[in-house]
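Visitor: I am attaching a structure below and will ask some questions about it afterwards.
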Amino acid sequence: PGSHNIYFGGATTLFGIVFLVTAFSLNRQTNLVPTTTLAFFAGIYALLAGVNMLVVGSAQQPPAAAFALLLSGLIGVSAAPYLMFFKENKMLRRVALVALLLTASMWMIMFVASFWVHLSEFAAWMPK
């Protein structure tokens, strides 16, 4: 318990909603602009959390976690301009793909490490 729940829980919830709305919009073949609006606000949250994590240093690996939050935030904030102005630009599509893959890889590495530590810590836990 602590600030980790706020940093990671908030970002996970907001971006989870973005992913669900994106899936729904793609399934219904509707406009993605409302989805990019949600991504913008999730991105703002991630940017603020990333900057705060760098300043406060409240994680096992603050620079890596902050970088993942900051990169996620930049992707979220840039989703609307990208969709409206640059979606036909093949070079920017490749850059966006690399950024998304890098971000997903970073989150996966942190998730596996965190999952392993949590399981190890709770392995010997017994209720009082």
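The values are calculated or read from the model by the stated rules, or taken from the named source; none is laboratory data. All of these numbers come straight from a predicted model, not from anything done at the bench. Here Cβ is always computed from backbone atoms with ideal geometry, including for glycine, and neighbour counts include all displayed protein chains. In case anyone asks, the SASA skips ligands and DNA or RNA and just uses the protein heavy atoms, side chains included. Shrake-Rupley method; radii C 1.70, N 1.55, O 1.52, S 1.80 Å.
Matching residues to (1) open to solvent by 60 Å² or more (accessible area, probe 1.4 Å); (2) of a type in the set (Gly, Ala, Ser):
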| position | (1), (2) |
| --- | --- |
| GLY73 | no, yes |
| PRO81 | no, no |
| LEU92 | yes, no |
| LEU101 | yes, no |
| MET106 | no, no |
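Visitor: Can you tell me which residue within the stretch 116-128, out of those that are at pLDDT below 85 and aromatic (Phe, Trp, Tyr), is least open to solvent (accessible area, probe 1.4 Å)?
Guide: PHE122
Visitor: Residues to consider are THR37, THR22; find the one that is within 17 Å of ILE75 (Cα to Cα), polar (S, T, N, Q) and open to solvent by 60 Å² or more (accessible area, probe 1.4 Å).
Guide: Result of the check over THR37, THR22: THR37.
Visitor: Name the residues in the stretch 61-109 that are more than 18 Å from PHE40 (Cα to Cα), in contact with a helix residue (DSSP H, G or I) (Cβ under 8 Å, 6 or more places away or on another chain) and among the polar types (S, T, N, Q), would you?
Guide: Residue satisfying the conditions is GLN61 alone.
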